[in-house]
Structures are given as C-alpha cells and as structure tokens.
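What follows is a single structure, written as structure tokens, with notes after it.
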Amino acid sequence: MRVAIVGSGPAGFYTASALQAGAPGVGVDMLERLPTPWGLVRLGVAPDHPNIKAVSRAFEKIARVDGFRFFGNVEVGRDVSHDDLARLYDAVVYTVGAQTDRRLGIPGEDLPGSWAATEFVAWYNAHPDFQHLEFDLSGARAVVVGNGNVALDVARMLALTAEELAPTDATDESIAGLSAARLGEIVVLGRRGPAQASFTAPELAELGELAGADVAVDPAELELDAASVAALEEGRETARRNLEILRGFASRPPAGKPRTVRLRFCVSPVQILGEGRVEAVEVVRNRLETDASGAIRAVPTEEIELIPASLVFRSVGYHGVPLPGLPFDERRGTIAHAGGRVVDCPGVYVAGWIKRGPSGVIGTNKKDAAETVELLLADAEGGLLGRESDEPLEDFLRERGVDFVEYAGWESIDDHERSRGSEQGRPRVKLATWDGLLERARQLQRRG
Ligand code: NAP
C-alpha cells in the first residue's frame, strides 16, 4: 500500500506513525510545500520553549522507518494536483493545518501596525515567506487581542530581554529587533472573563517569571459573575488554576521591571484608530451573559475606553482554507469528514487542524491521527482502496521539472543549522530564505 500525506506538521507525522504501526511495510510519501518538515513545531512554537520542540525527535524516528519518504518544496495544486495523488496512491491524507488567521471584522484592522499574530510568529521563527515584514517596535505600547496560548506567546516574546532571547533559535533579525524594542507595556485583551480564557496554566504562570517584565492584573477584572462561578464549580480544572495564578498576579506589587504585561478581561476592540498607521485601540467593556445553549457570551456595554498603542497583534485563532475538489465546512474552517474520512471522497482522509479545527496541543494530534488511520486501514482491509498507477512520485515530479527536497536534503539543512547553533550556544541558527534553504538542501552530504 502507498499512502500520500500532505503536510509535515505533527498531524502528518503522527499519521505516518500510525500507518507504520498498523500496516508494517507501508510506503508513506510525505509532501510539504516548504523545504523543511515539522510544521508549527519548527515555525509556530515559541523559540523560548525548546522543550516543546523536543517532540521533533519522535518525528525523526518516524522518518527513519523503511518506506517513509519526504518530498519538500512540493505544493499540491501547483506541482501535483489532488487528482494526480489520487491516481498515484491508494490513499491520500491531508494534514495541512489551518493556514489563515481569523479576522476581527472591525474598522482599522488593516492599518499599518495591525498584524495577525501568525505573521509575527512566522517572522521570528524564520518562516521564509515572512522575512520581508517590518515590525516597528519603537512605540511605547502594543496590544494583543485574544486570550489563547498564541496571544501569550506573542506577549511574552515582546517582553523578553536580550539575555532571554539570545540562547533561542529565533532569527538574528528578530532577536536584534526585539532586544532594541522600546515597548513599555504589552496589553492583552480578553473579550470574556478570566474563567473563560483559553490559556493553559503553565503558559500563564510563565508570565510571572519574566526577567524584564512585571505582570499586572486589575483585581476588579477578576471578580466573577454567577455563571462563571457555577462553571468553575462544575469543574474546569484549567480555568480554576488560571484564576489562581491570575489572583496571584493581581496581588503582587510591581517589581519595577522595564516592561509590564497587562492582562485585561471583558474588553473587546471596537475599532483601531490612527492617521495612516495604528495610534490607538478603542475598546468596549463587556458584560457576560448566558445564552440559550448555556454558553457564556460577551455582550458590549456603553462603556468605551481608548488605549493608545502603535502595534496591534490579532490573536483570535486560526482558520482552515478549502482544498480544491474537497468538501469544505466554511463555518468551522475544516474539510467535511466523518471520523477523518472525507465526505463523498473514497480514499481521501484528514487529520489534525484541517479535520477538527485549530485547537489542542501537539500531542492531541496523535489520537486524532490514530482515529483517521484506523478508518483508512479498515477501508484497505475492506478492499475499498486502490491506485491507478504505480508511477513513483519522484518520476512524476522530475518529468515536470519540480525541484523537490528529499529527507537527506532536509538533514543537510538541519545539520547546518545545528552546527551554526552549537557555535553560539543555541539549539540552531535557522536558514530563513528559500534560496538559502534550497541551496543547503542540495548539499546532501551529512557532516561527520
Ligand atoms: P485559541 O486558544 O482558540 O484562542 C483564541 C482566543 O481568541 C480566545 O480567547 C477567543 O475568545 C479569542 N477571540 C476569538 N474571536 C475574538 C474576537 N472577535 N475578539 C476578541 N477575542 C476573540 O487559539 P490560539 O491562541 O490561536 O491557539 C490555537 C491552539 O494552539 C490552542 O489549542 C492553543 O492551546 C495551542 N497552542 C498551544 C501552545 C502551548 O502549548 N504552549 C502555544 C500556542 C498555541 P473566546 O473564548 O471568547 O472565543
């Protein structure tokens, strides 16, 4: 059996691993638009979280299993179509993640200085498509909209000192820019209350340990409405721990560090203001209301406030993009599927964020991928899978002049980055341009 996996992030690797376990000897070809694998583990996880990135060691093991092959610098839709893959493989699994950011839908959202958090994250993490962006960090205040872990990553990266940034694998340009930033305050806006924040507790607690930034919370904004109290009693452990940590922050006097990360609750941006660039964010105070379904929602009051700021990072979640020829659920931003089987498309499957939406941590994808692979293997067992052609993908790509990067090419990039990193006491110094990555991938010889 030959299976194509499109996308090389955690969901892609966990899919490969489940296939290898369930169908020993299976041929797995992993296609990736970039020359490098690992998806958000390389390009999303914050540079000061090396322990989270250590999961890449598991991905390396999966890549060493016989039958696994990597095809980087191959874009489905440009270099090979879905129909081609369906012809060349018994099954195709899309693990392409959620590739755009959700919009706020407010005036001023597109003013210079207002960024999707994903752009900033991709920039400091060396994504080759985002290195031309210029973040003006010379202002006094930045506003981060959203109460998820990405918002915390962005707030923390803005608050780190030069010493904290130096040993990371953030790009040299971003380390220089962030170290020289004049920001005094980073304000994080939650539209609902502290009990509804999506942060996970360890990430929230980390804000209290920054060398160069105090964390500030107004105790009045931690007062809970009756519905939140009831929800907490019903047992959202993460929310309870978050609240404990926030109360700790609120009772802590500032230590006089050069920056402050200020966590605000029950406030929504209404518009972003400025003459030609961001100068302020107008926010409205919300009250919480329980709707007919029992969900606690933010409802705007009349109370308006202006927060002067030169930078806005919109961190309100990701959104999947449709794949040509496959059914798409526009509201959820996912491919329409049942347990991972794409609706009305035999032999086509999904796993990860394009299947369940942009939620969960890296490990969540393991169970998710296993569920998809179980159905795929049941379909194979039931004689429902098959391919029209035995043509190897490399022949197909070479015939069309596609300059693909094999796993050995990625290893060449990896060796180079790690050896440059070890000279500087950093995990790696990433190559951040397409030319640099492709040139290094051509030098397939592994060091030592
Ligand atoms: P998220 O956890 O879904 O958070 C999105 C936040 O945006 C929520 O607080 C949401 O508030 C808010 N929001 C949505 N629309 C809004 C609007 N119009 N105005 C104001 N706020 C709005 O998403 P994420 O932070 O992008 O993270 C994605 C996933 O990656 C999560 O599962 C996260 O845990 C994971 N992740 C994990 C780590 C880590 O483990 N260290 C790091 C980064 C990301 P409501 O709740 O009110 O909708």
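The values are calculated or read from the model by the stated rules, or taken from the named source; none is laboratory data. Just so you know, these numbers come straight off a predicted model, no measurement behind them. With ideal geometry, Cβ positions are generated from the backbone for all residues, glycine too; neighbour counts draw on all protein chains shown. Ligands, DNA and RNA are stripped out before the accessible areas are found, and what is left, the full protein with its side chains, is counted by its heavy atoms. Shrake-Rupley method; radii C 1.70, N 1.55, O 1.52, S 1.80 Å.
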Report the charge-dipole magnitude of the range 42-110 in Debye, nearest 20, computed about the Cα centre from +1 at each Lys and Arg Cβ and -1 at each Asp and Glu Cβ.
-> 340
Ignoring everything but the protein chains, give the 1.4 Å probe accessible area of Asp101 in square angstrom, nearest 10.
-> 40
Can you flag which of Lys53/Lys257; Lys367/Lys430; Lys53/Lys366; Lys53/Lys430 are past 25 Å Cα-Cα?
-> Lys53/Lys257; Lys367/Lys430
Residues whose modelled amide H sits under 5 Å from the amide H of Val342, counting only those 5 or more places away in sequence or on another chain, are Val348, Tyr349, Val350
What do you reckon, how do Ser251, Ser81 stack up by accessible area (1.4 Å probe), largest on top?
-> Ser251, Ser81
Choice from Gly248, Gly177, Gly333 showing the highest fluctuation, given a GNM over the chain with Cα pairs closer than 10 Å = Gly248
From largest accessible area down, sort His132, His49; use a 1.4 Å probe on the protein chains.
-> His132, His49
Which of Gly139, Gly274, Gly325 fluctuates most in a GNM of the chain (C-alpha springs under 10 Å)? That residue is Gly325
A chain fully extended from Val361 to Glu330 at 0.36 nm per residue, minus the present Cα-Cα distance, gains in nm 8.9 nm
With all protein chains present, calculate the accessible area of Trp434 using a 1.4 Å probe and round the result to the nearest 10 Å².
-> 60
In degrees, nearest 10, range 0 to 90: what is the angle between the Cα axis of helix 237-250 and the longest Cα principal axis of the chain?
-> 40
For the chain, size of Cβ-based charge dipole, Lys and Arg +1, Asp and Glu -1, in debye | 820
Residue by residue through the range 206-214, the couplings from Karplus 6.51 cos²θ - 1.76 cosθ + 1.60 with θ = phi - 60°, in Hz, x for Gly and Pro, are 4, 4, x, 10, 6, 5, x, 9, 7
Under unit Cβ charges (Lys, Arg +1; Asp, Glu -1), what dipole magnitude, rounded to 20 debye, does the range 102-317 have relative to its Cα centre?
-> 360
Where is the GNM fluctuation largest for the chain (alpha-carbon springs, 10 angstrom cutoff): Arg428, Arg356, Arg387?
-> Arg387
Residue-ordered couplings for the range 272-279, obtained by feeding phi - 60° into the Karplus form 6.51 cos²θ - 1.76 cosθ + 1.60 and rounding to whole Hz (Gly and Pro as x), are 10, 10, x, 8, x, 7, 5, 10
Over the chain, with every protein chain in place, what whole percent of the accessible area is carbon and sulfur at 1.4 Å, could you tell me?
-> 50
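Checking the a/c ratio against 1.5 first, then a/b against b/c, what shape does the Cα gyration tensor give for the chain?
Prolate is the answer for the chain, as a/c is 1.5 or above and a/b outweighs b/c.
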Just read off the accessible area of Lys53 with the full protein assembly in place, 1.4 Å probe, to the nearest 10 Å².
-> 30
Note to self: with every protein chain in place and a 1.4 Å probe, the range 102-317 gives an accessible area per residue in Å² of 43
Residue farthest toward the positive end of the dipole of the chain, with Cβ of Lys/Arg at +1 and Asp/Glu at -1: which of Leu377, Gly235, Val283?
-> Gly235
The chain, relative contact order [Cα under 8 Å, separation at least 6], % | 22
Tell me what the chain gives for mean residue ellipticity at 222 nm when only DSSP H runs of n ≥ 4 count, each as -39,500 (n - 2.57), the sum divided by the residue total, rounded to 500 deg cm²/dmol.
-> -9500 deg cm²/dmol
Sorted by accessible area (1.4 Å probe), largest first, how do Arg426, Arg2 line up?
-> Arg2, Arg426
Of the candidates Ala180, Pro167, Ala213, the farthest towards the positive dipole end of the range 152-247 (Lys/Arg Cβ +1, Asp/Glu Cβ -1, centred on the Cα centre) is Ala213
Modelled FRET efficiency - R0 30 Å, Ile304 with Glu233, Cβ distances, 0.05 increments | 0.35
Report the extension gain between Arg240 and Asp172 in nm, rounded to one decimal, defined as 0.36 nm multiplied by the number of residues separating them, less their alpha carbon distance.
-> 20.6 nm
Figure the gain on full extension for Asp291 and Ser179 (residue separation times 0.36 nm, minus the Cα-Cα span) and round it to one decimal in nm.
-> 35.8 nm
Selection from Leu85, Leu158, Trp38 lying farthest towards where the dipole of the chain points positive, charges on Cβ = Leu158
